[in-house]
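Worksheet: the structure to be examined is printed underneath.
All of the numbers you see were taken from the coordinates with simple rules; none came from a lab. In this text the structure is predicted, and so the values were computed from the model without any measurement. When we count neighbours, we look across all protein chains shown, and the Cβ atoms used for this are built from the backbone with ideal geometry, even at glycine.
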C-alpha cells in the first residue's frame with residue numbers, strides 16, 4: 001500500500017496531525033507549513049517537512065517519515081538525508097523528527113553512535129499498532145488508525161469515519177474531499193478487489209467514480225508496466241525503447257532501473 005502518498009495527503013489535510021501524534025498542542029499547526037522537500041545534492045526527496053513561520057525562530061523544524069517495512073538501514077539513511085538537508089538550507093533553528101512506524105516490531109532501534117551523538121528526545125517514534133482507541137477519536141487520527149486496521153474490521157471502521165467526517169466537517173466540499181481520502185485508502189488496502197466487490201463490502205455505490213479512484217487505478221496500471229522492465233532489459237531494450245514500448249515517462253523507467261541496480265548492489 002502506498003502509505004507515503006496517503007500520509008502526504010493526510011498531513012496536507014490535517015497539518016495538526018503531526019502534533020497530535022507526538023502528543024503536543026495541535027494549535028501549533030497554524031504556525032507551520034507542510035512540504036515535501038527535494039534535496040538537490042543527491043536528488044532525493046524528504047517525505048514530509050513541517051517548516052515553521054519565520055516569525056517564530058524558537059519553533060523547530062519537524063521531519064516526518066513513514067515506515068511500513070523492516071529496513072536495517074533506515075536510521076542511517078534518514079539521519080543522513082536530514083544532515084544533507086541541513087547542510088544545504090542551513091536553517092537557524094532547532095529540529096526534531098517524527099517517525100511513524102506501521103508497528104513497533106519494524107523499528108530496529110537507533111544506532112548506538114547516533115544515540116551518543118544526537119539528543120534522543122528529539123527523535124520521536126509513533127507506533128500505529130500501539131495507538132489506543134481513546135487516542136484516535138479525532139478524524140485525522142481515526143484515518144491514521146484505519147491505515148493499519150485489519151481487513152475484517154475495515155467496513156465497520158469506514159462507517160465510523162464517514163459519520164465522524166460528517167460531524168467534524170460541516171462544509172460539503174471539504175467533506176467530499178475527506179470521503180475521497182478514505183476511499184483512496186480503501187482502494188490501496190484492497191487492490192485486488194473489483195469495483196463491485198468494494199461497493200458491496202463497504203455498502204457504497206458511486207464513490208468509485210471519484211478522481212481518487214481513477215488516479216489510484218492509473219497508478220496500479222503503471223506499476224504493473226514497471227514490473228516488466230527487468231525482462232525488457234534482459235531482451236536488450238534501452239531505457240528510451242522501454243519507455244516507448246510501455247508508453248510511460250522515461251523518468252519512471254530510469255528510476256525503476258536505478259532501483260534494480262541498488263537492490264543488486266545490496267545483494
Checklist entry - Efficiency by 1/(1 + (r/R0)^6): what FRET value for residue 138 and residue 58, r their Cβ-Cβ distance, R0 = 30 Å, to the nearest 0.05? => result 0.70
Checklist entry - What base-10 log of the normalised intensity I(q)/I(0) is obtained for region 149-206 from the Debye formula, alpha carbons as equal point scatterers, at q = 0.19, 0.25, 0.30 Å⁻¹? => result -0.68, -1.09, -1.35
Item to check | Whole-Å distance, taken between Cα centres, linking region 11-32 and region 91-165 | outcome: 13
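Hey, could you get me the Stokes-Einstein D for region 227-266, Kirkwood radius over alpha-carbon pairs, 37 °C and 0.692 mPa s, rounded to whole µm² s⁻¹?
Taking Rh from Cα pairs, D becomes 324 µm²/s.
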Checklist entry - In square nanometres, what is one fourth of the surface area of the convex hull spanned by the alpha carbons of region 1-148? => result 8.9
Checklist entry - Where does each of 118, 179 land when they are ranked from fewest to most other beta-carbon atoms within 10 angstrom? => result 118, 179
Item to check | Relative exposure of 167, 66, judged by other C-beta atoms within 10 Å (fewest first) | outcome: 167, 66
Checklist entry - Where both residues lie in region 5-126, what percent of DSSP beta bridges are antiparallel, nearest 5? => result 50
